[in-house]
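Student: Dropping a structure here in structure tokens format, bear with me for questions.
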Amino acid sequence: FPVVVFGDNFLSWFSVHCPVLEVLIMPSLRDEMEKKIMEILPPDAKFSRVDFEGPNVIIYVMNPRYLMEHSEYIKTLAKELKKYIIIRGDPKVRIREVDKLKKVITDMVTKSVGSNVIDDIVVDEPTGEVYIYLKRPVRERGKLEKDILAETGWKPWIIPTALEMGKDLPRSDIDIVKQIQLSTAKERLDFLKKLGMRIHREPIYRDARVTVTGLGAQMEVGRSAILVRTRESSILLDCGVKPSSSGDEAPLIDDLDLDNLDAVVITHAHMDHIGFVPYLFKYGYKGPVYMTEPTKYLMEVLLTDYIEQAESEGRVPPYSRQDLATALYHVITLDYADHPTDISPDTKLMLYDAGHEVGSAVVHLHIGNGLYNIIYTGDMKYGPTRLLNPAHNRFKRAELLIMESTYGGKEDVQPPRQESEQRLVELVRHAVEHEGKVLIPVFSTGRAQEVLLVLNEAINNKQLPKVPIYVDGMVLETLNVHLMFPDYLNRTLREMIYDGINPFLSEYVKPIERARDPEKRKEQIMEILQGPPAVILAPHGMLNGGPIMDYFVHAAEDERNMLIFVSYQAENTVGRRIQQGERKLTVRYYSDRVTLDIKMKVESIPGFSGHSDRRQLINYVRNMEPKPHKIMLVHGEPAKIMNLALTLELQLKIPTVFMSNGESIRLV
Ligand code: ZN
């Protein structure tokens, strides 16, 4: 087979665009793998064939029950093949009739966790998988999945929709994600098969080269986007927008070669990390987007809202609902786990808990069989919160740590959590006693849920009078995602949710269903603002639009009211300007501009942040195992980054670098 080398990227281009080469590569890899599988699996398992779907290796067997009862073989397979393995029953042994399949599954679920737990069963014929939607999360998920595969031959995925606990909560995200999954089943399988070939081919280049390019979030907070390139692959970490009062800014993605981009990896569902993902698809990206399962649902909620908000303000959104749907069907979800997932011929990916919001992840890229390891923290909290575990900092290997620096400045030492909670309760009590309304601008996830937990507890302990807590906007949808995935929360909350208790809602929490009609909406808002004292939680967290603005423009000029910031306010946002003392300002409100003379009290409680403070950032590195050889600081204001870099170099003796947007650093 004659190969003429035209340039550096020719072979990798060729392997991607020329099916002949795939045909040449694949049989040998498949044969080799089949041979290994047959050596490992005993004849009783009745191995039939192997396939590649995206990063996963699918092994079909005629006797799935045997493997479910002898799971040690699956572990050996994963270890020997160094791949993520999914076992499916061969089509010949699957229950053929859909009705019968559904009945068998229903009976098994009923026997195992009780009757009337199933919300829906969706059969995915092309793959041989079946999605079982349960009304509540169940501890027995793993065992139940094994038993169903053994009994039916279908590979089940149990998805708890938390319908039972979140009766009043909107759940359009679940329906939309399900709908996309159903309507794109065939295309998705096709996409996964092509991707499987692209990922599992042998690497072409043997020499090393690793480069990191900052496309956003360099010396700034917002529009996170970092490109990692080797000679084999090109991987984009995060793709967000930068919120500002003069319109959102995009990362520098115009020069990205979307045809040669192997993967996008998303750390978490905040707009400054995920907001521009559908834009990539609008301009021709056809590859995978990796993230955790909660992040997928949060992405749907957040980005739909982003499009709707732009429309309601008379702006053209940067991408359409269709682009978002396309992005969603290219999502591949991973758990927090030590087992590596192949995302390109020379790069493996692992995700770990980042402690920042439900489903947030620290990314570990393992490049070139141990040649180079990059840990990227995304946004992280190295400390326990009411919701989550602290960020993970134990890895097998780590050459480079790319770390956020939001609160890296000298002055950024947050008071202990308990003190902050006490302060919040005191402030709310003060405002309520003075007949005021308390406005708390929040991001849809994280702070909102924590504030709810704190206020509910304070009311129950009689530290606060029984005051209504109105919850508006996306906070409601995202509450549902917390209930769906208790395994992503800390132990206390996880156990409560598995026991059927919804820790976020109480009789005092009043979900606001947003009226579509603007007049009705205004009536709704005025009724609350003219009523008795109340707390109002609504996005967006930096007062850059969103439902909070409906309350803010009407409450700002009343001195009895109070505005409490519990999260980071980025430069150039309305929130930051108010926090810095501006009291007369003009804000965008739908398609108008409104000038406000702010008389309400303004308070900030930095201790609630989902970001690490300066001490936690330093301790994250100090306690990290193994110690990184180099640190790159991102996601911070310039002065904070420079100061933190100096401290890390002096205290921990680790070379620390930072870049401007558009700059690259060659690592190997
Ligand atoms: Zn974040």
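Student: Taking region 362-380 only, how many residues are more than 11 Å from the ligand (Cβ to nearest atom) and either of a type in the set (D, E, K, R) or not in a loop (DSSP other than H, G, I, E, B) (or both)?
Tutor: Selection size over region 362-380: 11.
Student: Filter region 229-241 down to residues that are assigned to a loop (DSSP other than H, G, I, E, B) and within 16 Å of the ligand (Cβ to nearest atom), then give me how many there are. Please lay out each step first, then the result.
Tutor: Filtering region 229-241 for residues assigned to a loop (DSSP other than H, G, I, E, B) gives 230-233, 238-241.
Checking the rest, the ones that are also within 16 Å of the ligand (Cβ to nearest atom) come to 238-241.
Within region 229-241, residues that are assigned to a loop (DSSP other than H, G, I, E, B) and within 16 Å of the ligand (Cβ to nearest atom) number 4.
Student: On to the next question. Select from region 523-536 the residues that are open to solvent by 10 Å² or more (accessible area, probe 1.4 Å) and not in a helix (DSSP H, G or I) and list them in ascending order.
Tutor: Within region 523-536, the subset open to solvent by 10 Å² or more (accessible area, probe 1.4 Å) is 523-524, 526-533.
Answer for region 523-536, where residues must be open to solvent by 10 Å² or more (accessible area, probe 1.4 Å) and not in a helix (DSSP H, G or I): Gly531, Pro532, Pro533.
Student: Follow-up. Being open to solvent by less than 30 Å² (accessible area, probe 1.4 Å) and within 16 Å of the ligand (Cβ to nearest atom): is that true of Gly359 here? Don't jump to the end; show me each part of the working.
Tutor: Values: open to solvent by less than 30 Å² (accessible area, probe 1.4 Å): yes; within 16 Å of the ligand (Cβ to nearest atom): yes.
Yes.
Student: Further question: State the number of residues belonging to region 151-183 that are within 21 Å of His482 (Cα to Cα), of a type in the set (A, V, I, L, M, F, W, C) and open to solvent by 40 Å² or more (accessible area, probe 1.4 Å).
Tutor: Residues in region 151-183 being within 21 Å of His482 (Cα to Cα), of a type in the set (A, V, I, L, M, F, W, C) and open to solvent by 40 Å² or more (accessible area, probe 1.4 Å): 3 in total.
Student: Here's something else I'd like to know. Restricting region 451-464 to residues that are free of Cβ contacts under 8 Å to residues at least 40 places away in the same chain and surrounded by fewer than 20 Cβ atoms within 10 Å (Cβ to Cβ), which is nearest to the ligand (Cβ to nearest atom)?
Tutor: Glu457
Student: Checking the condition within 26 Å of His273 (Cα to Cα) and either at pLDDT 95 or above or open to solvent by 10 Å² or more (accessible area, probe 1.4 Å) (or both), which residue from Phe443, Phe485 passes? It would help to see each step written out before you state the result.
Tutor: Values: Phe485 fails: either at pLDDT 95 or above or open to solvent by 10 Å² or more (accessible area, probe 1.4 Å) (or both).
On inspection, the qualifying residue turns out to be Phe443.
Student: While we're here: Do we have any residue at all in region 334-351 that's closer than 22 Å to Ser233 by Cβ and within 16 Å of the ligand (Cβ to nearest atom)?
Tutor: yes
Student: Also, quick follow-up: Which condition does Pro468 not pass, out of (1) surrounded by fewer than 23 Cβ atoms within 10 Å (Cβ to Cβ); (2) over 16 Å from Ala538 (Cβ atoms); (3) touching a helix residue (DSSP H, G or I) at 6+ places or on another chain (Cβ under 9 Å), if it passes all the others?
Tutor: Looking at each condition in turn, Pro468 falls short on (2).
Student: Let me ask something else. Taking the options Ala208, Ala217, name whichever one is surrounded by 17 or more Cβ atoms within 10 Å (Cβ to Cβ) and among the hydrophobic types (A, V, I, L, M, F, W, C).
Tutor: Numbers: Ala208 fails: surrounded by 17 or more Cβ atoms within 10 Å (Cβ to Cβ).
Unique residue meeting the criteria: Ala217.
Student: Any residue in region 405-415 that is assigned to a helix (DSSP H, G or I) and not small (Gly, Ala, Ser)? Break it down stepwise before answering.
Tutor: The first filter runs over region 405-415 and keeps only residues assigned to a helix (DSSP H, G or I), leaving none.
Checked region 405-415: no residue is assigned to a helix (DSSP H, G or I) and not small (Gly, Ala, Ser).
Student: Shifting gears a bit: Exactly one condition in (1) touching a helix residue (DSSP H, G or I) at 6+ places or on another chain (Cβ under 6 Å); (2) of a type in the set (Ser, Thr, Tyr); (3) outside any loop (DSSP other than H, G, I, E, B); (4) surrounded by 15 or more Cβ atoms within 10 Å (Cβ to Cβ) is not met by Ser112; state its number.
Tutor: Result: Ser112 fails condition (4) only.
Student: Oh, and also: Looking for whichever is assigned to a helix (DSSP H, G or I), surrounded by 23 or more Cβ atoms within 10 Å (Cβ to Cβ) and within 16 Å of the ligand (Cβ to nearest atom) here; the options are Ala431, Ala448. Which one fits? Outline the logic, then answer.
Tutor: Details: Ala431 fails: within 16 Å of the ligand (Cβ to nearest atom).
Checking each option against the conditions leaves just Ala448.
Student: Mind counting the residues in region 429-466 that are of a type in the set (A, V, I, L, M, F, W, C) and in contact with a Gly (Cβ under 7 Å, 6 or more places away or on another chain)?
Tutor: Restricting attention to region 429-466, the residues satisfying the condition of being of a type in the set (A, V, I, L, M, F, W, C) are 431-432, 438-440, 442-443, 448, 451-455, 458-459, 464.
Now restrict to residues that are in contact with a Gly (Cβ under 7 Å, 6 or more places away or on another chain): 442-443.
Within region 429-466, residues that are of a type in the set (A, V, I, L, M, F, W, C) and in contact with a Gly (Cβ under 7 Å, 6 or more places away or on another chain) number 2.
Student: Here's something else I'd like to know. Filter region 242-281 for residues that are within 16 Å of the ligand (Cβ to nearest atom) and over 15 Å from the mean Cα position of the chain (by Cα); which is most open to solvent (accessible area, probe 1.4 Å)? Break it down stepwise before answering.
Tutor: The initial filter retains those residues of region 242-281 that are within 16 Å of the ligand (Cβ to nearest atom), namely 242-243, 248, 251, 265-277.
Remaining after also requiring over 15 Å from the mean Cα position of the chain (by Cα): 242-243, 248, 251.
Details: Lys242: 36, Pro243: 34, Asp248: 66, Pro251: 8 Å².
Among residues in region 242-281 that are within 16 Å of the ligand (Cβ to nearest atom) and over 15 Å from the mean Cα position of the chain (by Cα), the one most open to solvent (accessible area, probe 1.4 Å) is Asp248.
Student: Return the residues of region 282-295 that are within 12 Å of the chain's Cα centre (by Cα) and away from the ligand (no atom under 16 Å from the Cβ); say none if nothing qualifies. I'd like the intermediate steps shown before the answer.
Tutor: Taking region 282-295 as the starting set, the residues that turn out to be within 12 Å of the chain's Cα centre (by Cα) are 289-295.
Val289, Tyr290, Glu293, listed by residue number.
Student: Next question. Just to confirm my filter: which strands (runs of 3 or more DSSP E) fall fully inside region 537-636 and include at least 1 residues that are open to solvent by less than 50 Å² (accessible area, probe 1.4 Å) and within 16 Å of the ligand (Cβ to nearest atom)? Quick ask: steps written out before the conclusion?
Tutor: Numbers: elements: 562-565, 584-589, 592-597, 601-604, 630-634.
Those strands (runs of 3 or more DSSP E) span 562-565, 630-634.
Student: Now for a separate question. Given the condition of a type outside the set (Val, Ile, Thr), within 16 Å of the ligand (Cβ to nearest atom) and open to solvent by less than 70 Å² (accessible area, probe 1.4 Å), answer yes or no: does some residue in region 655-666 qualify?
Tutor: no
Student: What number goes with the only condition from (1) crowded, with 16+ Cβ neighbours inside 10 Å; (2) over 20 Å from the mean Cα position of the chain (by Cα) that Ile501 does not pass?
Tutor: For Ile501, the failing item is (1).
The values are calculated or read from the model by the stated rules, or taken from the named source; none is laboratory data. What you see is a predicted model, and the numbers here were worked out from it, not measured in a lab. Please note: Cβ atoms are built from the backbone with ideal geometry, for glycine as well, and neighbour counts cover all protein chains shown. Just the protein is used for accessible areas: all its heavy atoms, side chains included, with ligands, DNA and RNA removed. Shrake-Rupley method; radii C 1.70, N 1.55, O 1.52, S 1.80 Å.
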